[in-house]
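Data block below; observations after.
The values are calculated or read from the model by the stated rules, or taken from the named source; none is laboratory data. All figures in this text were calculated on a predicted structure; none of them were measured in a lab. Positions of Cβ are generated from backbone atoms using ideal geometry, with glycine treated the same way; all protein chains shown enter the neighbour counts. In case anyone asks, the SASA skips ligands and DNA or RNA and just uses the protein heavy atoms, side chains included. Shrake-Rupley method; radii C 1.70, N 1.55, O 1.52, S 1.80 Å.
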Amino acid sequence: KLNVNSEDVGNDQQTRQQLTVLYGTETGKSKEIATKLAKKAATGNIDATVISMYDYDFKKLSGEKNLAIIVSTHGEGEPPPMAEDFHKYVTGKRLPKLVNLNYSVLALGDKSYKLFCKTGEDIDLALQKSGATCIAPLVKCDVDFYANADNWINGLLLNLAPAGNNSNQQESETKTESEYSRKNPFQATLLEKVKIT
């Protein structure tokens, strides 16, 4: 469990949104994105708590206000082992009405499998049926997920940001660009080119 508060990154005291970030992962990618979301949320004056689906108490779901779900699909359309119980609960008959819940789902998968991102789709549909409000549409990510995940994070946080805090959000987006990836490579000067064969 990881708590990231806006106070930790030097923001002034204001009315802060609370966000619960649940992740279900097989390889650790969902956890990586969940942690990134929480850190970026803190710069936007949102207090985020990151919890694995394995450790989450389902009874707390009816009391949640804002929920972000990041989950992968394992094998042929199945949830990863740590998300099995959560998936079963949410898609089953015991799920209560969640009319006060705002949520969004990021689904990770592999297009080479027939049931691409099915776990995320199942959870998104179940929350819709429960009466919860989707504040950022379901995003399905293939193996190269970084750009889509970043877009989902930005859209979700934009819809959660407290009034008058959009400028802080834009600043945090600029800062986050310093994280290097295939889509945002580090720019360097080539000093020497040597043939090694």
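Consider segment 57-75 and keep the residues that are under 14 Å from Lys118 (Cα atoms) and out of contact with any Leu (no Cβ under 6 Å at 6 or more places or on another chain). The one that is least open to solvent (accessible area, probe 1.4 Å) is Val71. Among the criteria (1) at pLDDT 75 or above; (2) buried (at least 20 other Cβ atoms within 10 Å of the Cβ), the one Gln169 does not fulfil is (1). Is it true that some residue in segment 73-82 is part of a helix (DSSP H, G or I) and within 22 Å of Thr35 (Cα to Cα)? Within segment 73-82, one or more residues are part of a helix (DSSP H, G or I) and within 22 Å of Thr35 (Cα to Cα).
Filtered by the rule that a residue be open to solvent by less than 40 Å² (accessible area, probe 1.4 Å) and among the polar types (S, T, N, Q), segment 112-137 gives Thr119, Ser130. Candidates are the residues of segment 41-55 that are surrounded by 24 or more Cβ atoms within 10 Å (Cβ to Cβ) and not hydrophobic (A, V, I, L, M, F, W, C); the one that is farthest from Ala149 (Cα to Cα) is Asn45.
Every listed requirement among (1) out of contact with any Cys (no Cβ under 7 Å at 6 or more places or on another chain); (2) part of a helix (DSSP H, G or I) is met by Gln128 save one, (1).
Selection over segment 86-111 of residues that are assigned to a loop (DSSP other than H, G, I, E, B) and either surrounded by fewer than 20 Cβ atoms within 10 Å (Cβ to Cβ) or among the acidic types (Asp, Glu) (or both) gives a count of 10.
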